[in-house]
Structures are given as structure tokens and as C-alpha cells.
1. Taking the Cα centroid of the range 408-459 and of the range 533-577, what is the distance between the two, rounded to the nearest whole Å?
2. Amide H neighbours of Val153 under 5 Å, counting only residues 5+ apart in sequence or on other chains, H built in-plane at 1.01 Å?
3. Give me the distance between the Cα centres of the range 23-62 and the range 147-206, rounded to whole Å.
4. I'd like the antiparallel share, as a percent to the nearest 5, of DSSP beta bridges with both residues in the chain.
5. Rank Cys581, Ser47, Leu552 by how far each Cα sits towards the positive end of the charge dipole of the chain (+1 on Lys, Arg Cβ; -1 on Asp, Glu Cβ) and give me just the farthest.
6. Which order, highest average first, do 435-448, 366-379, 92-105 follow once you tally other Cβ atoms within 10 Å for each residue and take the mean per peptide?
7. How much of the accessible area of the chain, in percent, comes from carbon and sulfur atoms when a 1.4 Å probe is used?
8. Any chance you could check the Cα centroid distance between the range 89-115 and the range 355-376 for me, in angstrom?
Amino acid sequence: MGIKGLQGFVARICPDVCRTVDLRELAENHRIHHPDFPPAIVVDAMSCVRYWYTPESWVCGGQWQEYLANLEDFIKAFTAAGIQLVFYFDGVVEEKKRDEWIKRRLQNNKEIARIFQFIKTHRKQPGRGMFVVPSALPTFTRFALKSLGQKTVCTLQEADFEVAAYGLQHNCIGILGQDSDYLIYNTCPYFSIEKLRVDRLVTEMYSREDLCRALGLSLTHLPLFACLLGNDIVPESLLEGFWHKCLVTSPHKNNRYDRRTNILLAVANYISKIPCSNSSLKHLEEILPLGSDKTLLYRGLESYVLPGQQSPWVPPNVKKCQMFSLQPETAVCQDKEIFQLAKEQHIRSENYAIFNILSNGEIECSNSLEDECDTEIPGQALIYRPARQHIYSVLLEPAKGGAYPLVKEWFVYFGNSLQQPELIQPVQPSIPGGTPNLKTLWFAKGPYVEKQRYSTFLACFHLQDEMEELQALEAPVAAFCCLLTYLMMQVSSLSLEDLNAFVAVVLCLKGKSAAQLAALQLAQVDSRAVHLGSVFVRGLTTLLMANSACGLPFRMDDLMPWEVFDGKLFQEKYQQSHRGCSLEELLEGNESLYTPFQNLKSFICKACMAKRRTIQSRPRGNGFITGTQRREFNPRFQQTHRSSFVPPYHSQMRGFLRRNPQPQG
């Protein structure tokens, strides 16, 4: 996550540290000098996603087809230059960095609250200065890159360490990212994603050697420099007194510089006089107010020592501590075969969240674009918790007494202070004969097991009785119906108008290109629709988790947002539906969609009624509730808007989207 202020310090005070480079030229030089190593760049994907997401709209839930097209163009530019890309994603939040993770999540909550206040005041999206990435963007970026044929790695510890190690071990031409920690690791060169011009493959490269010359340090000093400035392991709050002492004695103090710049220079001056040895580290640990944990500084330094490297600060005979449970002997899951497969799939980005649960019994979910003032729609963390509880019971074995191990959840939602994890009890889904064991779901073969995988998946969302109807649908639409039905059952405030909007999106999206979706203009943005869009997309990640746990009854590609959702299109359909537009307008005059619309809506209403959930009409007009009674607001919707009306399940639904692609919308 980097050292606060270091990147800006380099740009302002040490401009010689960064220089413009042509990646094509570097690749060509690499081929000449290293003919056995094809030129490759290792990409810190987590620090790149905000730069990859260039669609104009970002609050509505995500412009997924546009984003996918952008990623494809990005890859093509490097492929044309003969440069291989290897993408790394954070696969875990290490315990030593949990406090920093919590601090950032709580700060993000405040930023999201300001975004919703802006939308309600101005009825439009804020400027890019308030930008936050759409909910679940990093998760779906992993699967997008895999679908585009890229090598994608999900890490077993913090990504920056594994990125730096991969770059060093595989003789990469550089690391692409935006994290000042890459100025500290002794690894291959560090390239800026922020400064990258993809059309010309030109960016800025940061030189550690030049940084050391500017600061009067050696490369060996850099890890100590990072720790004494405060990083993800050593909190800045413990260093204030030390900084004050450094400032008092620093010959470089300059009134023209801000305080952080003067601190950077003063700390560098102090460190330059310290011998690089473990005894120097021991002395520092004694004089620094490290509180109850005297190992903080040591652990911070250790985190920068890559495989095969030695550090004078860290004794060579001390084994690097590993916070994440990588061995089945210490994991929640004691079955070595299951544990190994989950680990391999995790590293290859082929499952979602499963290894974290099987190894440490822990899972986290970052912020979502949710309106904390909307009391009618719970946080997505709470909406999908019943489904997650069923998923946990599929994954985990109960003890001899029948009790399941509790799962530690770090989910961000309004009202959760994140002071400690929530301990969640797994709950068995309702499956005749009980839940199949994990070995059966993951390793067994044959049509009966395939049916078990599908029915177990549906049972996690209380839809096992609808298996025949759902299997008749094209897979992405079946997954969409599963998610939307669950959502309608869980959130009682969702209305027929909301249902109409979601169904219209999945139908109208089918024939639209990324360019058509990019050209769609919204007259205004509705804050409730923003919230619902985010909740829906987070629901897709719950489908990913259930699919991973149940032995992949669906292809992961069938559960991607670009198959069933577009943020701006949902905003448009939501506003049309709540205004009371005609079915013709809602479906863009495409009469071939009328019957599929009625069938999908009928299926969802019927499934909800089977669970005693009657979906009411509740039009909100121009963003405000205009009535809570059921009413017919257009003759074209006369039947489908009666919440008690469930037309028969049409045979046409069985062939829906499976045989005939939809025309352009």
C-alpha cells in the first residue's frame, strides 16, 4: 500500500529519480541481452484497476462491457510490442496489515457518504475528483483478464511482495503499478501506470539508485527508511516523537517545504549515519515507542527481504514468519486433497474466496457504493449473509458434536465498526438427503453428481425447487434469475418496478456493443438505483463463491457482470419503470423481447410467492415515493403488474436465448 508522501516527494524534490522510458525499446534491449527470457512485465493489478477503469460513468454499478473492451485494448498494445504481461492480485489481507485495511475502509465509508450526498443534491454523478472504483471491480478484473488469455495470479500473501519477488526471479523488464513500496524492494525496475501512455507505450521509470544518491543512502538503507516513515506494518502514530527529534537535528530543514517533505529528508539524514547491522536495529527498537509489540520494526524490515536475498538488518538464520495458513495441518480444512486443489485454484484465480475460508476460516469484503441513509435496503453484506452461511456449510465439516467452525467475516457495511470480525455460524441448506460432501462435489464425475452440484448451488439461494425451470435457460440468464429472485425474497422493499428494470436490462443488453453502451446518455442519476446497482453486482460475487464451493455447476464466465448488467442501462430502465413507461419503451420497441420479459418476470414472481413473498407495485416517480399502493400505471403492464398474477410457465422460456441471439437494441 506504500509509504505516504514518497511518490510525491520524488516527483517534486528529486525529479531525476524518474525518467521517461519507451517500453518497446526496453523490450528490444531485453531480447538482445537476455535471449532466453522473453520480455515480460509483472503487473500489480490492484494498483492499476482505477487507471484501467476509464468509462465516463462509475457510480451506476459499472460499465462492464466498456471496461472489458478497455482491458482488451490494453493487452493488445503490449502484445503488439512482444511484451508478455503477468497480472498479480491480492489474495489475502495479512493479519499484520489488518489495522491499515480497517482504517482505509472506514475512510472510504466517509467518501461514499459524500458521493451519495452529491447525487441526491445534484442528481448527477460527481466529478472524477470523487472517483471510487465500482463495487467488486478488482474481483471481476481477475476473471476478465483470464477470459482474455492472460496469466493471472491470486496471491497467498500481500501482492506487492509476490510481485517484487516474481519480477526479480523471472528477470522481468519491470513492474507496472502505482505503489511506492516498489521503490524500496531491491527488484527489477518500477514503471508508473499513472504516467503510462498506452498508445505509445511510454511511461516513467523510477530509479532506486538515483533515489539513494539524492538522499545520501545506500540500497540497504531503503527498507529502514520506509519503516521509519511509517508503512502498513509500522504505524505513523508511533513515530511522531522520533520524527520531531530528526527534524530538530536535520541540516536539510527548509521552510519552503511542507512538513512531510522535511520529515522525509530528516529521517534520511538520521539513517545515513546508522551502520547497517542487526545491532543498530536493536538500538532503534529500544529508543522507538513501539508500544507492546517490540517486533514491529523487525517485521517491517523483514517484509522487504525477497526470496534468495539477505539483509544486514535481519539475521539470515531467522525464518520469515508467515501469517497465512498455507499447510493443511494448521488450516480449518484438514483434508489435504481438498486443501491442495483449493490452493491451486486460488493461485490460478479459478475460484473466489474459497481458499481463505478453508485455510483460515476468514473472509473479507471491501466497501460498496451503498447509501447509509437508505433504511429500506440493507447493506449487501447482510442481504447475502444467509446465502454465505449455506456456502460455509458446504465447505466446512462439522465437528463430532455437530457444530460447525465459525467463519470470521470482515464485511464493510453501515453500522459495522470493524473493531473485530463478526463470527458467523454456517447453516445447512435445505437439501433432501443432506448436503453432499465436498469431495463428491469437487472430484466425483457423472450426470448424477452434475445434478447434485447444480441443486446444491440453488439450495444456497433457496431455489432448489426451481431447478428444472432454471436449467432450461441459457446459463447467464439462469444465474441472473437465481440472483434476482433471491434479492427480491430478501429485500421486502423491492418493487415490481425494480424487478421490471432488472429484467429489461438483461434482455436489452444482449444486442448492445460496448460503443452503444458508452454512447448512452442519462438526463439524471437516481441515488437509489446507484445503491441497487451496487447490491446486484455484489450479488454476482456471491454467485461466484457458491459456484466455487459447489464444484462449478456454472462456468465462471457465465457469472460475469458484462453478461447480465450495465450500470447506465440499469439507471435508464429503473427511471423508465418508475415513471410508468410503456412496455414498448422499456424494451426499446423490440417485440421479440415481450414474451421473454413476461416469462422471466413470471418465473421470479412465482418463485417468490412460493416463499410467501408477494412483490408489490411501488412507483417512485421522479426519484420519490409517489404511492405505496398497488396500481396499474399503463395498460401494457396491466397483467404483469398485478403482484398476485402469475402467468403459466411458457414453453418458449426453455429456448430463451439458447437458440436465437437477440437483435441489436
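1. First find each Cα centre; the distance between them is then 18 Å.
2. Counting only residues 5 or more places away or on other chains, the set is Phe87, Tyr88, Phe89.
3. 8 Å
4. Here the antiparallel bridges make up roughly 40 percent for the chain.
5. Most positive-ward Cα: Cys581.
6. Averaged packing, sorted descending, gives the order 366-379, 92-105, 435-448.
7. 50 percent
8. Spelled out, the Cα-based centre of one part sits 11 Å from the other.
The values are calculated or read from the model by the stated rules, or taken from the named source; none is laboratory data. Everything numeric in this text was worked out from a predicted model, so none of it was measured. No Cβ is skipped: glycine too gets one built from the backbone with ideal geometry, and neighbour counts run over all protein chains shown. Heavy atoms of the whole protein, side chains included, go into the accessibility calculation; ligands, DNA and RNA do not. Shrake-Rupley method; radii C 1.70, N 1.55, O 1.52, S 1.80 Å.
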